[in-house]
Ligand SMILES: Cc1cc2nc3c(=O)[nH]c(=O)nc-3n(C[C@H](O)[C@H](O)[C@H](O)COP(=O)(O)O)c2cc1C
Ligand code: SF4
Ligand code: FES
């Protein structure tokens, strides 16, 4: 392949990973508020260290839009004076950064040793059943499974640092500890109503 | 400041009579919230006032005198670390608070940043003043989104009252603290990985020696990385005075320690004890209420997932005060930083994971292997390739599809990772494998019996068998 034939980085990134969750998050767009907030983040770091703002900017986009889409990679790269490929390198490194839209309610279930000792793995299977996703679709390459209605997504994560009070799960930003099936039932019912 | 006896705690979170709550004084306390008002009412920021009236060098001396050692895992003397900033340095000095807390089994920093953030901020300001840093960062793991908001608010409150910002309390000293959030990677807890994460590049740990962060760290400048609990302990040192601090507990690791107990005990949770004042046996039987009904303790991981597992029936050699040798078990080992290290494991970050006789050790190891295979940053070949390999081997053993030689192979992979990598993750991932396969060898071998191989692997029964007694 000659230089000119090389695919544009963005074309490679744009390989769509559709998700039913998308209807719950606004699509990415550059708004004046976003630009303003970005400036604020960059100003937190010493002068000339815009690159340090890459993670804060990623969080900014992910919180609002659910995931990091190729267009946002371009914007982040430009804003912290980097290149799209560098930003993509960051995005692909961290397990906490998503390249596919989660459901409206994103559940993280800890399955590391202490939670496993208190039943975390069984709970994971149970929650999958409860929200109607197939645990087999959760792979190393695509750890998150999204329910068909886009309301729920689930992911097994490593230690949430609350090991003494396991099994621990998080729904969006909130931690729930000492979970059991009954508590899961109640939470799923509660969150379904919120929707 | 209220006397300890006047404080009430939430039900189930009351301190045991053998605990000494200093850092966790206000954790799960009834009527306490993370606001600056609560903290000040409890004597907060008084120590800072004392500190900014001192010479920075005098604070470092005080911390050195106290014998305070880091609580992030390695136990390095904090005061000594601070003096590693090169003499005659003209570059800015940075201080980073390591709040990445992701070592499985460790859960202490979480409570501080969620419930008592000003304690950390005060400790941090004192530490920054001592090393003359004017810019500091709290590196917080992404899984603490609520704490991020709490800490941001606390920083603003502190600035409002001039504990932060320009000319702090009229001392002429300026300091800015910001919060930087990670994104779910364990390796960002390693201090040089953490620095790279802040710089906005992939968080690959850097090779050290020769250059430790205290000499060349963030943006190429001297950088001190300290754990959350360590920084809170700095405040305690200044509050009590270095000598008084050193007088408490074990001589080589004084002060209190926060121990997190998880797994098969009646009362798992956090316990703050004077270092070395109790043994593992007292912790597990008295404070934690012993094993679950009808069970006995089988194995203990004494210091976070990467510490070597200890068998409860293992005979250890202890020394009597007169120098003679006596036989003991892990239950007789005092809980300080060094005692357990003499028996081949480590006390690390204070996360104690307990397993009783219902557990299958190969399954436990498989869980840890999965953790380390997932979290390797991929920079060095032995770690990147070795971890998935070890996971495959332990999975094969658990599924009853392995040959006896696979147990030795598993250990040999670990032996070949250990000591051959850029960062200490190489040791962290291989120590559990070495310890589990050696100390519970018969359990691994039992799973490799031909009878297991003949049984077709049935995922249903495997699921049910998980974490239960092996049926050999
Ligand atoms: C793989 C790895 C993970 C680590 N994770 C953490 C962590 O989550 N939190 C922490 O405070 N220290 C962690 N450390 C230790 C840090 O590298 C560093 O030693 C510590 O933050 C220093 O602080 P201290 O001197 O106050 O203990 C980790 C080390 C390694 C090798
Ligand atoms: S030992 Fe593992 S985690 Fe550490 S730098 Fe090497 S590959 Fe990364
Ligand atoms: S193992 Fe689940 S929170 Fe630590």
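If you go through segment B:220-253 and keep only what is farther than 20 Å from residue B:45 by Cα and in a loop (DSSP other than H, G, I, E, B), you end up with B:221, B:222, B:248, B:249, B:250, B:251, B:252, B:253.
With A:73, A:91 as the choices, which residue is within 12 Å of another protein chain (Cβ to nearest Cβ) and within 16 Å of the chain's Cα centre (by Cα)? Break it down into steps so the answer makes sense when it comes.
Working: A:73 fails: within 12 Å of another protein chain (Cβ to nearest Cβ).
Step by step, each of A:73, A:91 is checked, and only A:91 is within 12 Å of another protein chain (Cβ to nearest Cβ) and within 16 Å of the chain's Cα centre (by Cα).
In the set B:444, B:371, only one residue is at pLDDT 95 or above and either buried (at least 22 other Cβ atoms within 10 Å of the Cβ) or away from ligand 2 (no atom under 14 Å from the Cβ) (or both); that residue is B:371. Could you please find all residues in segment B:137-179 being in contact (Cβ under 8 Å) with a residue 12 or more places away in the chain, more than 10 Å from chain A (Cβ to nearest Cβ) and assigned to a loop (DSSP other than H, G, I, E, B)? Within segment B:137-179, B:161, B:163, B:164, B:171, B:173, B:174 meet the criteria.
Tell me whether segment A:102-112 contains one or more residues that are over 13 Å from the mean Cα position of the chain (by Cα), within 30 Å of residue B:266 (Cα to Cα), within 16 Å of ligand 1 (Cβ to nearest atom) and within 13 Å of chain B (Cβ to nearest Cβ).
The answer is yes; a qualifying residue exists.
In the set B:158, B:147, only one residue is within 28 Å of the chain's Cα centre (by Cα), buried (at least 18 other Cβ atoms within 10 Å of the Cβ) and closer than 20 Å to residue B:53 by Cα; that residue is B:158. For the residues B:388, B:432, the requirement of being outside the structural domain of residue B:331 (by TED's automatic domain parsing), surrounded by fewer than 19 Cβ atoms within 10 Å (Cβ to Cβ) and at pLDDT 95 or above singles out B:388. The set of residues in segment B:335-356 being more than 13 Å from chain A (Cβ to nearest Cβ) and part of a loop (DSSP other than H, G, I, E, B) consists of B:335, B:336, B:337, B:338, B:344, B:345, B:346, B:347, B:348. Suppose we keep only residues that are in contact with a helix residue (DSSP H, G or I) (Cβ under 7 Å, 6 or more places away or on another chain) and without any contact (Cβ under 8 Å) to a residue 24 or more places away in the chain within segment B:180-201. Which one would you say is nearest to ligand 2 (Cβ to nearest atom)? Only one residue fits best here, namely B:199.
Identification of helices (runs of 4 or more DSSP H) wholly contained in segment B:38-118 with 2 or more residues that are without any contact (Cβ under 8 Å) to a residue 24 or more places away in the chain, within 16 Å of ligand 1 (Cβ to nearest atom) and away from chain A (no Cβ under 14 Å) yields B:78-82.
In the condition set (1) more than 17 Å from the chain's Cα centre (by Cα); (2) surrounded by fewer than 17 Cβ atoms within 10 Å (Cβ to Cβ); (3) farther than 25 Å from residue B:367 by Cα, residue A:129 is compliant with all but (3).
The values are calculated or read from the model by the stated rules, or taken from the named source; none is laboratory data. Since we're looking at a predicted model, the values are computed, not measured. Ideal geometry is used to build each Cβ from the backbone, glycine not excepted, and the neighbour counts take in all protein chains shown.
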